[in-house]
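**Q** There's a structure below that I have some questions on.
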Amino acid sequence: MKTDLDFGKKDLFGPVVFRSDFNSFESINATQAWSLFFTGSQEDKALGFNPELGRFFNNLLIAIATAGTLWAIFSSLS
């Protein structure tokens with residue numbers, strides 16, 4: 001049996017952001033950024049390639065921050 005896996009590479013099990021083919025100062029989209037966040041920088045394609053998912057998580061984060069800010073303001077007024 002022949003395998004095409006090369007386990008001798010130092011980049012194989014390391015975080016994606018430190019791999020030589022990833023860290024070329026290329027821009028990434030929001031979905032890749034959230035994928036890196038959720039996987040602890042292990043995989044940038046775990047959430048797929050749909051840009052709408054990245055926008056959803058960005059908007060969700062903004063909504064949570066806004067709701068928390070409004071809650072803190074209105075709870076301190078009473």
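**Q** Would you check which residues across segment 34-48 are part of a helix (DSSP H, G or I) and among the hydroxyl-bearing types (Ser, Thr, Tyr) and list them?
**A** So the first thing to find is which residues in segment 34-48 are part of a helix (DSSP H, G or I), and the list is 34-38.
Listed by number, the list holds a single entry, SER35.
For (1) at pLDDT below 90; (2) of a type outside the set (A, V, I, L, M, F, W, C); (3) within 9 Å of the chain's Cα centre (by Cα); (4) surrounded by fewer than 14 Cβ atoms within 10 Å (Cβ to Cβ), each residue gets a yes or a no:
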| site | (1), (2), (3), (4) |
| --- | --- |
| PHE13 | yes, no, no, yes |
| PHE18 | yes, no, no, yes |
| SER27 | yes, yes, no, yes |
| GLN32 | no, yes, yes, no |
| LEU47 | no, no, yes, no |
| PRO51 | no, yes, no, yes |
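**Q** If we keep just the residues of segment 56-78 that are among the polar types (S, T, N, Q) and within 30 Å of GLN32 (Cβ to Cβ), which is surrounded by the most Cβ atoms within 10 Å (Cβ to Cβ)? Spell out the reasoning first.
**A** Pass one, segment 56-78, residues among the polar types (S, T, N, Q): 58-59, 66, 69, 75-76, 78.
Within this subset, residues satisfying the condition of being within 30 Å of GLN32 (Cβ to Cβ) are 58-59, 66, 69.
Numbers: ASN58: 14, ASN59: 10, THR66: 10, THR69: 10.
Only one residue fits best here, namely ASN58.
**Q** Take PHE7 and decide whether it is in a loop (DSSP other than H, G, I, E, B), out of contact with any Ser or Thr (no Cβ under 9 Å at 6 or more places or on another chain) and modelled with pLDDT of 70 or more.
**A** Values: in a loop (DSSP other than H, G, I, E, B): yes; out of contact with any Ser or Thr (no Cβ under 9 Å at 6 or more places or on another chain): yes; modelled with pLDDT of 70 or more: no.
For PHE7, the condition - in a loop (DSSP other than H, G, I, E, B), out of contact with any Ser or Thr (no Cβ under 9 Å at 6 or more places or on another chain) and modelled with pLDDT of 70 or more - is not met.
The values are calculated or read from the model by the stated rules, or taken from the named source; none is laboratory data. None of the values given here were measured: they were computed from a predicted structure. Cβ: placed from backbone, ideal geometry, glycine included. Neighbour counts: every protein chain shown.
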